[in-house]
Amino acid sequence: MARIAHDPFLILQGRVEAWERCMRIPGCDKSLWRQDAQGRVIRWSDFGDRFSRYGWEVMALPPTGVLGRALLRRRLVAVHWRGLVGETLNEDPFLGRRAA
């Protein structure tokens, strides 16, 4: 049976795989809070939310090694949305703001 890209279980599997590759934050619940490769804090429930301070998305890295290239295995990683946009902010844009 072929894997369909729109299969919700396949999408969730990729999301969980990327989440498990993230660093755990000591003292925080590992199922809710993690850090991406750049050290930005992400929250599981804020997946795909670019209006959140802790929003994140899944990015596919090119395969590494001979076997990875032969099997065309992509490595999925979780990245904070600021890392995808490429913004380098000196200060947090959410500081000093109040919820609407």
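Can you spot a residue in region 1-23 that is more than 21 Å from residue 75 (Cα to Cα), at pLDDT below 90, surrounded by fewer than 13 Cβ atoms within 10 Å (Cβ to Cβ) and not polar (S, T, N, Q)? Yes, because at least one residue in region 1-23 is more than 21 Å from residue 75 (Cα to Cα), at pLDDT below 90, surrounded by fewer than 13 Cβ atoms within 10 Å (Cβ to Cβ) and not polar (S, T, N, Q). Do we find that residue 27 is at pLDDT below 90 and at positive phi in this structure? Judged against the criteria, residue 27 is not a match. When restricted to residues that are of a type in the set (D, E, K, R), modelled with pLDDT under 70 and assigned to a helix (DSSP H, G or I), region 50-92 contains 1.
The values are calculated or read from the model by the stated rules, or taken from the named source; none is laboratory data. What you see is a predicted model; the values in this text were computed from it and never measured. All Cβ positions, glycine included, derive from the backbone under ideal geometry; neighbour counts span all protein chains shown.
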